[in-house]
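Worksheet: one structure, shown below.
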Amino acid sequence: MSDITFLGLGLMGSALAETIIKAGHDVVVWNRNPSKAEALVAMGAQYVSDPAEAIDASPIAVVCVGNYDAADSFLRTPESLAALKGRVLVQLTSGSARAGRSTQAWAKEAGAMYLDGGIMAYPSDIGTTESMFLVAGDEDGYAQAEPFLRILAPKLEYLGDDPARASALFLAMLSAECGLMFGILNGAALCEATGIPSSQFTDLIKSDFGTSGDGYLENAIKYENNDLDKTEAFLRTWAEGLDPMAEMMEDAGYNPDFPKFLRSVLNVAIERGWGEQDIGALIKVLRPN
Ligand code: NAP
């Protein structure tokens with residue numbers, strides 16, 4: 001039996017698997033598009049072409065895909081259900097409280113332990129002291145998965161049994177980040193429209209906000225160097241994170257206008273073919289046609 005299985009090898013899933021391989025563990029990987037496993041196999045991972053067999057191969061299965069519907073398409077099958085018995089399922093896909101609680105109940109029926117995690121890091125941060133995960137779910141499952149999670153995220157916070165706590169805190173941070181990113185890009189558009197150099201604007205942000213916003217600032221103004229095709233998080237991944245945010249607010253009877261509005265602006269960028277660019281591509285939506 002291998003030590004751990006990773007299902008979903010996009011920008012984030014590949015970084016997770018790579019970090020655990022480099023730490024010397026036996027790793028099984030699966031991705032819908034097998035070509036994304038090639039680099040990991042070259043590093044020593046074993047690729048298993050069937051998701052249920054991949055789950056069966058290790059005591060811990062980590063899922064990191066675009067959204068919960070994508071995860072359900074290979075998890076909620078009779079074969080995966082059978083394979084999950086006695087395993088720990090760690091869901092690192094961003095999702096809502098409802099999705100996390102429903103997956104926990106479903107996993108319990110399958111005889112599995114369930115953990116829900118929010119990744120507070122970019123792929124290049126994984127395994128470094130910058131990496132933070134917010135995790136909630138079954139305590140015994142956490143005890144089993146903790147050594148691996150701590151390799152991935154030295155700043156690891158366990159928030160108790162209810163998976164909704166990890167979703168809510170993760171989405172709260174995403175909400176703050178989106179506000180900052182959208183706000184900076186909107187401000188950059190205002191400066192651009194008036195002929196003010198963006199450096200004057202960013203210098204002002206730095207002196208007003210201090211260094212705490214540096215990472216966001218650096219990311220938000222990537223559009224300036226035509227660096228939009230190089231990214232650690234696709235614009236569509238930011239967009240997909242807004243759906244569970246709106247869902248959670250609606251479920252709780254709160255006003256979901258903020259995530260819905262941001263989603264509608266990002267949808268325009270996706271329709272124009274910029275979904276796999278950096279979030280800085282948003283400025284192209286704000287500019288005159
Ligand atoms: P990504 O690069 O777009 O990768 C998406 C992954 O989902 C790919 O492995 C893709 O498989 C898989 N997938 C999509 N639809 C599928 C389906 N119907 N069936 C099976 N697999 C499917 O996205 P990412 O950046 O890795 O993000 C993954 C998760 O991590 C998201 O929930 C995101 O919110 C979270 N996250 C990411 C970051 C970041 O900085 N990137 C930070 C925090 C949290 P294919 O290759 O076959 O298309």
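Among the residues in region 111-119, are any crowded, with 23+ Cβ neighbours inside 10 Å, under 17 Å from the mean Cα position of the chain (by Cα) and over 16 Å from G241 (Cβ atoms)? Within region 111-119 (the criterion being crowded, with 23+ Cβ neighbours inside 10 Å, under 17 Å from the mean Cα position of the chain (by Cα) and over 16 Å from G241 (Cβ atoms)), the answer is yes, since at least one residue qualifies. The residues listed here are S35, S94, S80; of these, the one that is outside any strand (DSSP E or B), within 9 Å of the ligand (Cβ to nearest atom), over 30 Å from G253 (Cα atoms) and not aliphatic (A, V, I, L, M) is S35.
Results for (1) touching a residue at least 40 places away in the same chain (Cβ under 8 Å); (2) within 16 Å of G13 (Cβ to Cβ); (3) not in a helix (DSSP H, G or I), shown as yes or no for each residue.
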residue: G111; (1), (2), (3): no, no, yes
residue: Y114; (1), (2), (3): yes, no, yes
residue: I119; (1), (2), (3): yes, yes, yes
residue: D161; (1), (2), (3): no, no, yes
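The numbered conditions (1) part of a helix (DSSP H, G or I); (2) without any contact (Cβ under 8 Å) to a residue 60 or more places away in the chain; (3) within 14 Å of the ligand (Cβ to nearest atom); (4) over 14 Å from V90 (Cβ atoms) are all true for V41 except (3). Would you check if A23 is at pLDDT 95 or above and within 12 Å of the ligand (Cβ to nearest atom)? No: the conditions fail for A23.
For the residues E146, E130, E139, the requirement of being surrounded by fewer than 17 Cβ atoms within 10 Å (Cβ to Cβ) and within 16 Å of the ligand (Cβ to nearest atom) singles out E130. Screening the candidates E53, E38 for the property of being closer than 14 Å to A83 by Cα and modelled with pLDDT of 95 or more yields one hit, E53. Exactly one residue out of D214, D251 is within 24 Å of the chain's Cα centre (by Cα), modelled with pLDDT under 90 and either farther than 23 Å from M12 by Cβ or surrounded by fewer than 19 Cβ atoms within 10 Å (Cβ to Cβ) (or both), and it is D214.
Just one residue in the set A71, A61 is free of Cβ contacts under 8 Å to residues at least 60 places away in the same chain, more than 12 Å from the chain's Cα centre (by Cα) and crowded, with 17+ Cβ neighbours inside 10 Å; that residue is A61.
Within region 227-260, which residues are in a helix (DSSP H, G or I), among the aliphatic types (A, V, I, L, M) and closer than 20 Å to I283 by Cβ?
Taking region 227-260 as the starting set, the residues that turn out to be in a helix (DSSP H, G or I) are 235-251, 257-260.
From what's left, among the aliphatic types (A, V, I, L, M): 235, 239, 242, 245-246, 248-249.
Listed by number, the residues that qualify are L235, A239, L242.
The values are calculated or read from the model by the stated rules, or taken from the named source; none is laboratory data. Remember, it's a predicted structure, so these values are computed and weren't measured experimentally. Glycine gets a Cβ as well: all are built from the backbone with ideal geometry, and neighbour counts include every protein chain shown.
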